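All remarks here apply to the structure that follows.
Values in this text are rule-based calculations from the coordinates and carry no lab data. The model shown is predicted, which means the values in this text are computed figures rather than measured ones. When we count neighbours, we look across all protein chains shown, and the Cβ atoms used for this are built from the backbone with ideal geometry, even at glycine.
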Amino acid sequence: MSDIVNSPTIDEDMTNMARSCIEHRATWMALTYLEMEKRGVDAESITRAAVHQCGNIHGLRFRGQCVDPENMEEFNGVFLPTDSKKNFEINVTKCDQNNIYAEFHYCALVNAWKKLGLDDEKIAKFCDIAMDGDRGIAESMGYKLDLTDKISEGCKTCRLHFHK
């Protein structure tokens, strides 16, 4: 029995459509990883490197959208616009020039992996790999990222802290 609880509370057409796209991405990542694993390839290091690189690309785009990339309040507006907050049911608990604390209350990626019938251990691994994208974003912005609680490990939320 799974310890992962991951139920959305927002049910809106545009949010559900975005979540479907996120689930598609997560399904594609998982199936590619599993196929590499079957063939004896180092699936984890390859997937981590690719996801991290993708995060770097997005981070550079976000950096370019910020007039002052050193101001994390500005980054918050670019990285976590209203639609993204709805998709992951994000509550930014604190944001200032040097910190962003955010709680994610729902994860479409975890939902996709559960639909594939993956066990909790594999879901937790895939979640950590997916977070390499966020680590790449932080890196490209010149920030650090601490990730504490994780939905994929049975917590009620994922807690992220971006900081200088």
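When only alpha carbons are used to place a centre, region 7-75 and region 133-160 end up 12 Å from one another. Around the Cα centre of the chain, unit charges on the Cβ atoms of Lys, Arg, Asp and Glu (plus for the first two, minus for the last two) sum to a dipole of about 240 debye.
Could you sort out which of Lys94/Lys125; Lys86/Lys150; Lys115/Lys144; Lys114/Lys156 sit more than 24 Å apart by Cα distance in this structure?
Violating the 24 Å Cα-Cα cut-off are Lys94/Lys125; Lys115/Lys144.
Taking the three principal axes of the alpha carbon atoms in region 86-162, the coordinate ranges are 41, 22, 19 Å, sorted in descending order.
Suppose the Debye formula is applied to equal point scatterers at every Cα of region 41-88; what is log10 I(q)/I(0) at q = 0.15 Å⁻¹? With one equal scatterer per Cα and no solvent, log10 I(q)/I(0) is -0.52.
Using θ = phi - 60° in the Karplus curve 6.51 cos²θ - 1.76 cosθ + 1.60, the 3J(HN,Hα) couplings for region 56-70 round to 4, 4, 5, x, 5, 5, 4, 4, x, 7, 8, 5, 10, x, 6 Hz; x is entered for Gly and Pro. Restriction of the GluC sites (Glu not before Pro) in region 23-86 to DSSP coil positions whose beta-carbon has at most 14 other beta-carbons within 10 angstrom yields Glu70.
For region 25-34, putting each phi into the Karplus relation 6.51 cos²θ - 1.76 cosθ + 1.60 with θ = phi - 60° gives couplings of 4, 5, 5, 4, 4, 5, 5, 5, 4, 4 Hz, in residue order, rounded to whole numbers and with x for Gly and Pro. Helix-only arithmetic for the chain: the sum of -39500 (n - 2.57) across DSSP H runs with n ≥ 4, divided by the residue total, places the mean residue ellipticity at 222 nm at -18500 deg cm²/dmol.
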